[in-house]
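Below is one structure; the comments refer to it alone.
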Amino acid sequence: MGKTLGELTNERHIRQWGAVECSAEVGERHDPPARDEDLTAVGFYATDSPTQYEIYIYEEYSAGSFSDLRATKTGTVPNAGWYTVELDAPVPLLNGDGFGVVMKFTNDDYGYPIPIEHPSAGYSSAATANPGESYISLSGSSWSDLTSGCSNCNVSIKAFCRDPVEPPIPLPATEAYGRIPGGCKP
């Protein structure tokens, strides 16, 4: 944590679907980025004081489960409200590769630990959602599409991305073994 939402918005691309409630574990499948990006932070609302969180960044979502874990981060936030948590290291996202952000929320008192956004007159009446964007799970292993039980509802998780500091440099197959360009020869 450390930067304000405004600071993050100015320097990053935000990937989000919206928000929704229901259980203790939630996940979002994100469409592939249109260019190479680094996932650097995750934003969420805590619904109680305190709230423990676990963040998991996955490479894939297919056939009802997330796979290929890329990064994790755990912690506790002291109060209800919005938080942005910096990841320990950027997670490279390559053009055309999808990814998923999964969070587990735990708190002591409030029965609805997952923040939601849904159409609500005078507050969020324009909220929308599509099937295949947000998922919920009681166990973290079997996932259900949130819109199947709550139309126009989404999990409130934001993935903050930025342009890569150094773009990945693919090595030609003939140079992948034996020597590093500009380095020592075997």
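Based on what the data block shows, is Val77 under 16 Å from Ser156 (Cβ atoms), out of contact with any Ser or Thr (no Cβ under 8 Å at 6 or more places or on another chain) and either hydrophobic (A, V, I, L, M, F, W, C) or at pLDDT 90 or above (or both)? I'd like the intermediate steps shown before the answer.
Details: under 16 Å from Ser156 (Cβ atoms): yes; out of contact with any Ser or Thr (no Cβ under 8 Å at 6 or more places or on another chain): no; either hydrophobic (A, V, I, L, M, F, W, C) or at pLDDT 90 or above (or both): yes.
Taking the combined requirement at face value, the residue does not satisfy it.
Checking Thr72, Thr106 one by one, the residue that is under 11 Å from the mean Cα position of the chain (by Cα), exposed (fewer than 15 other Cβ atoms within 10 Å of the Cβ), assigned to a strand (DSSP E or B) and among the hydroxyl-bearing types (Ser, Thr, Tyr) is Thr72 and no other. Considering the stretch 142-186, the residues that are at pLDDT 85 or above and of a type in the set (Lys, Arg) include one that is farthest from Pro131 (Cα to Cα), namely Arg162. Scoring Pro92 on the criteria (1) within 17 Å of Pro32 (Cα to Cα); (2) in a loop (DSSP other than H, G, I, E, B) leaves a single failure, condition (2).
The values are calculated or read from the model by the stated rules, or taken from the named source; none is laboratory data. Fair warning: this is a prediction, and the values are worked out from it, not measured in the lab. Glycine gets a Cβ as well: all are built from the backbone with ideal geometry, and neighbour counts include every protein chain shown.
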